[in-house]
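Right, I'll just put the structure down here and ask away after.
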């Protein structure tokens, strides 16, 4: 039984047996994407990780640009007033608060509609702003009037004005203790505000303070100050201040913090370094940034434990591995002119940079892929199948001897010997019945593996001549075997392994796809240049001739739009079939791609990706318009291609040179290329929740695991309640969630649980009633397999502990669950008898 808390860790563990692929040195680091063109002079930037929206403040024209973090396109531009300075997001209410220095007001936006709700009069020259999502209070530092305005987030009105010291600017909130900390730029004192009463006290920190951060877990506050260079640590319970000295002339400019590791990081503009402070011992270690960087901002991706600095002098961004004791530089990349603020989304690993001298936002894809190539455990590996429920990977070998190698999530492996002469080919898994099916082309039969014992069952259904492909419909428990020389498809019952029928198709069928929603099988017939459609209920066959030349090479399906795509390699054509009428909708020539040999479909974005062998390109089709975009594939002779729906990444393996390319689906742009895989990459298996793939390399008897860096195992975890048999009936599915935190010494209270289905780049839905447990209903889902993702929040995701020019939200650990949606009117699951 799948434990409810099995999440991304289970999916990621599929790669663990592959010789530590997840801990291998990174082979592909961050990639700079084209800038997002926004208004003039963006001076600050924040994001909401739960809606995946980014907010860029443009000081010159008084606008706020709202950016979709998934597509990286500007959704809306809202005029907020003269000289917007800073912003904060209340993730609980999905409101955005923008301080407008030129008018002494705070603009309030609805994060759902992007509408300007109101403009609140506060003090003179409002600068810093922070949100306490627990109390729904917003704190605004008014630099010219020496006050802090307290806004009630329910009514969006000022409920209190608190006199502080002199020129308040940076603000940070501890949501656990309900204390607010304000840096006074022209004073040697830090203001401490009791959020419940508004009472104000001060702590001496010395002059020239520039930034403040809070660790709600340890109840310690850290203030960066210049002349002399230092960080002052304050005990939140006693108010005791301790000075942590930095190098002379360091010139600290910004702070960020990771409460999960209890590390504080200081960007030092004076000597172009980053200092790391051990929160347990106050020990300081320092790393130099390249080229006299003069970092103006620093932010952390706590999920990956990486730091980023915006380097004012070199117009660049630097990424650092934050692993203790001393951060190490990963790389530095050019961005726009005068980068001064950063925002990091720990759920997508995207980094956004406000460049004050450029009309745009720099974007860095912070995903680092680790690569490991290891023996596959057999001779000539040809196919891979993944059971995301049990956490097992199956690899078929057609050499001597014929075997199936099983890789388990606990790191153990088993070799299953097949019969002599089996010539193992295609694999398929039914995760509901926990059976694995192997097409044996040499013996014209099907071998069935019991996934619970990984033993071969005694029954071997006889199929047609040269079975080359096997596919499974888990909703009907039917197995379809494509027989290339038999010009047929054998239909087998998954429970009894009886042959139900044999359906005649076209000449030399070589591929097949199933639409689980319509219960239809689409078979590609190579020699007759056609597609045969098999009705899964009646087994009736419909013959669809293809046009535009011979040599059909690949077939794919979008079950959401019910369209089927077929490529023809000889004349570089594409046929599109309407699945509703099972007729040819259109056929067209690729304008720039030559020799299409493989394709993959992303049903979430409605994009089709085609590998073009002859001119080393990938063609991207917009499924709604059929508009074409063709890009260089980044290697020689691209063939296998696969899509990770969750992260919107596309993986292309190249037979020539044995390399892998990663494409960002948001921008249709290669972000990594030249990743070395084993010789002869034959097929690709995708691990969606782990943001990784495994290539099966036939010529070198190896597997190559390519995986995103493992996510940091936050102490805040979420458990997803398992469905009976991992199966749900009907389009909308209700799930139960529970969350817990082991942060120590103080665990911030769990505020809520959020979830979404099939993607990590969309807006998260909130479970009700909130707190550490709740339930939620998915949007209407089509029949078939789906991934559910969930995470908990405890106030750190709102970014109130890290403010100023650093948006570093810290959510809980990501959980994932794999489930099947069946027919709405049937019992669970649908098993035809």
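The values are calculated or read from the model by the stated rules, or taken from the named source; none is laboratory data. Computed from a predicted model, the values in this text were never measured in an experiment. Note that each Cβ is placed from the backbone with ideal geometry, even for glycine, and that neighbours are counted across all protein chains shown.
Anything in region 784-808 that is touching a strand residue (DSSP E or B) at 6+ places or on another chain (Cβ under 7 Å) and modelled with pLDDT of 90 or more? List them, or say none. Let's see the steps before the verdict.
Looking only at region 784-808, we keep the residues that are touching a strand residue (DSSP E or B) at 6+ places or on another chain (Cβ under 7 Å), and these are 784-794, 798-808.
Answer for region 784-808, where residues must be touching a strand residue (DSSP E or B) at 6+ places or on another chain (Cβ under 7 Å) and modelled with pLDDT of 90 or more: 784, 785, 786, 787, 788, 789, 790, 791, 792, 793, 794.
Oh, and also: Does residue 303 satisfy being at pLDDT below 95, under 23 Å from the mean Cα position of the chain (by Cα), within 22 Å of residue 55 (Cβ to Cβ) and in the same structural domain as residue 258 (by TED's automatic domain parsing)?
When the stated conditions are applied, residue 303 passes them.
Is it the case, given these coordinates, that residue 12 is under 24 Å from the mean Cα position of the chain (by Cα), outside the structural domain of residue 340 (by TED's automatic domain parsing) and either more than 30 Å from residue 157 (Cβ to Cβ) or modelled with pLDDT under 75 (or both)?
For residue 12, the condition - under 24 Å from the mean Cα position of the chain (by Cα), outside the structural domain of residue 340 (by TED's automatic domain parsing) and either more than 30 Å from residue 157 (Cβ to Cβ) or modelled with pLDDT under 75 (or both) - is met.
Residue pairs, Cβ under 9 Å, 6 or more apart or interchain, first in region 496-519 and free of Cβ contacts under 8 Å to residues at least 12 places away in the same chain, second surrounded by fewer than 22 Cβ atoms within 10 Å (Cβ to Cβ). List them.
496/459
Name the residues in region 106-119 that are within 19 Å of residue 149 (Cβ to Cβ) and either crowded, with 21+ Cβ neighbours inside 10 Å or within 29 Å of the chain's Cα centre (by Cα) (or both), would you?
106, 107, 108, 109
Also: Would you mention how many residues in region 126-148 are touching a residue at least 40 places away in the same chain (Cβ under 8 Å) and at positive phi?
Residues meeting the conditions: 1.
Yes or no: residue 402 without any contact (Cβ under 8 Å) to a residue 60 or more places away in the chain and on the phi > 0 side of the Ramachandran plot?
In short, no.
Taking residue 226 and the conditions (1) buried (at least 19 other Cβ atoms within 10 Å of the Cβ); (2) in contact (Cβ under 8 Å) with a residue 40 or more places away in the chain; (3) closer than 21 Å to residue 147 by Cα, which numbered condition does it fall short on, given that it satisfies the others?
(3)
Of all residues in region 236-272, count the ones that are under 29 Å from the mean Cα position of the chain (by Cα), without any contact (Cβ under 8 Å) to a residue 60 or more places away in the chain and surrounded by 24 or more Cβ atoms within 10 Å (Cβ to Cβ).
Summing the residues that are under 29 Å from the mean Cα position of the chain (by Cα), without any contact (Cβ under 8 Å) to a residue 60 or more places away in the chain and surrounded by 24 or more Cβ atoms within 10 Å (Cβ to Cβ) in region 236-272 gives 3.
Looking at residue 700 and the list (1) within 30 Å of residue 819 (Cα to Cα); (2) modelled with pLDDT of 95 or more; (3) assigned to a loop (DSSP other than H, G, I, E, B), which single condition is not satisfied?
(1)
Something else now. Can you confirm whether residue 147 is surrounded by fewer than 20 Cβ atoms within 10 Å (Cβ to Cβ) and either out of contact with any helix residue (DSSP H, G or I) (no Cβ under 7 Å at 6 or more places or on another chain) or farther than 22 Å from residue 805 by Cα (or both)?
No; evaluated as a whole, the condition is false for this residue.
To keep it simple, each residue is scored yes or no on (1) surrounded by fewer than 20 Cβ atoms within 10 Å (Cβ to Cβ); (2) modelled with pLDDT of 95 or more; (3) within 32 Å of the chain's Cα centre (by Cα).
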residue	(1), (2), (3)
463	no, yes, no
470	no, yes, yes
491	no, yes, no
497	yes, yes, no
529	no, yes, no
533	no, yes, no
537	yes, yes, no
551	yes, no, no
555	no, yes, yes
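Next up: Working only within region 622-646, note down all residues that are surrounded by fewer than 23 Cβ atoms within 10 Å (Cβ to Cβ) and under 12 Å from residue 602 (Cα atoms).
Within region 622-646, 622, 623, 642, 645 meet the criteria.
Can you tell me which residue in region 327-343 is farthest from residue 358 (Cα to Cα), limited to those that are in contact (Cβ under 8 Å) with a residue 60 or more places away in the chain and part of a strand (DSSP E or B)?
Only one residue tops the list, namely 330.
Restricting region 432-445 to residues that are within 25 Å of residue 538 (Cα to Cα) and surrounded by fewer than 24 Cβ atoms within 10 Å (Cβ to Cβ), which is nearest to the chain's Cα centre (by Cα)?
Among those residues, the one meeting the criterion is 432.
Quick one: would you say residue 401 is surrounded by 21 or more Cβ atoms within 10 Å (Cβ to Cβ) and not assigned by TED's automatic domain parsing to the domain that holds residue 784?
Details: surrounded by 21 or more Cβ atoms within 10 Å (Cβ to Cβ): no; not assigned by TED's automatic domain parsing to the domain that holds residue 784: yes.
No.
Also, I was wondering about something else. Please note which strands (runs of 3 or more DSSP E) are completely contained in region 351-398 and include at least 3 residues that are modelled with pLDDT of 90 or more. If you could, list the steps in order and put the result at the bottom.
Details: elements: 360-365, 369-375, 381-387, 392-397.
The strands (runs of 3 or more DSSP E) meeting that bar are 360-365, 381-387, 392-397.
If the requirement is being more than 26 Å from the chain's Cα centre (by Cα), at pLDDT 95 or above, crowded, with 21+ Cβ neighbours inside 10 Å and assigned to a loop (DSSP other than H, G, I, E, B), which of these qualifies: 313, 293, 275? Quick ask: steps written out before the conclusion?
On the way: 313 fails: crowded, with 21+ Cβ neighbours inside 10 Å; 275 fails: assigned to a loop (DSSP other than H, G, I, E, B).
Being more than 26 Å from the chain's Cα centre (by Cα), at pLDDT 95 or above, crowded, with 21+ Cβ neighbours inside 10 Å and assigned to a loop (DSSP other than H, G, I, E, B) holds for just one of 313, 293, 275, which is 293.
Taking residue 740 and the conditions (1) under 27 Å from residue 390 (Cβ atoms); (2) surrounded by fewer than 23 Cβ atoms within 10 Å (Cβ to Cβ); (3) at pLDDT below 95, which numbered condition does it fall short on, given that it satisfies the others?
Tallying (1) under 27 Å from residue 390 (Cβ atoms); (2) surrounded by fewer than 23 Cβ atoms within 10 Å (Cβ to Cβ); (3) at pLDDT below 95, residue 740 fails exactly one: (3).
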